[in-house]
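Enquirer: After the structure tokens below, expect a handful of questions from me.
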Amino acid sequence: MKHVVLSAVAAALWMGVAGASFAADPDPQLEKGKALFISDAAPACAVCHTLKDAGAAGTIGPDLDELKADAPRIKKVLQEGMGVMPSFADSLDEASMDAIVAYVVHATGGGK
């Protein structure tokens with residue numbers, strides 16, 4: 001009986017440790033979106049927008065932490081542009097735009 005209890009405890013501890021490590025694994029799409037936001041897009045989103053998670057303090061475009069836009073809105077603006085913001089349809093592929101959208105929504109809690 002002791003072995004069964006100890007085995008159950010060991011399994012629970014392992015699951016907790018393994019679960020924690022899986023939860024801490026970075027999401028490649030979010031990492032790509034953050035890199036594009038900070039510097040890899042041309043022009044980089046961080047030049048114009050404030051986003052705390054990215055360390056960005058741009059003042060030309062809206063503060064994304066305050067705006068908390070949802071995914072469809074961000075994607076539309078990336079594709080079509082808005083005001084002084086250019087369209088990125090010719091400079092970013094769909095996967096790159098989707099990565100930026102996922103990152104901004106994740107970083108801001110957008111759409112909630």
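The values are calculated or read from the model by the stated rules, or taken from the named source; none is laboratory data. No experiment lies behind these values; they were computed from the predicted model shown. Note that each Cβ is placed from the backbone with ideal geometry, even for glycine, and that neighbours are counted across all protein chains shown. Each accessible area value is taken on the protein alone, full model and side chains, heavy atoms only, with ligands, DNA and RNA left out. Shrake-Rupley method; radii C 1.70, N 1.55, O 1.52, S 1.80 Å.
Enquirer: Just tell me which aspartates and glutamates come within less than 19 Å, Cα to Cα, of LYS52; anything on the same chain fewer than 8 places away is out.
Expert: Partners within reach: ASP27, GLU31, ASP40, ASP63, ASP65, GLU66, ASP70.
Enquirer: What net charge do the residues around LYS75 carry, taking every other residue with its C-beta under 12 Å from that of LYS75, with Lys and Arg at +1 and Asp and Glu at -1?
Expert: Working: positive: ARG73, LYS76; negative: ASP70, GLU80, GLU94, ASP98.
Counting the neighbours of LYS75, the net charge comes to -2.
Enquirer: Using a 1.4 angstrom probe and counting only protein chains, how large is the accessible area of LYS32 in Å², to 10?
Expert: LYS32 exposes around 80 Å² with every protein chain in place.
Enquirer: Using a 7 Å offset from the Cα along the Cα-to-Cβ direction at both CYS48 and GLU94, what is the distance between the two label points in nm, to one decimal?
Expert: My value for the distance between the label points is 2.4 nm.
Enquirer: Might you tell me the accessible area per residue for the range 46-112, computed with a 1.4 Å probe and given in Å²? Display every interim value, and only then the final one.
Expert: Details: 3810 Å² over 67 residues.
That works out to 57 Å² per residue.
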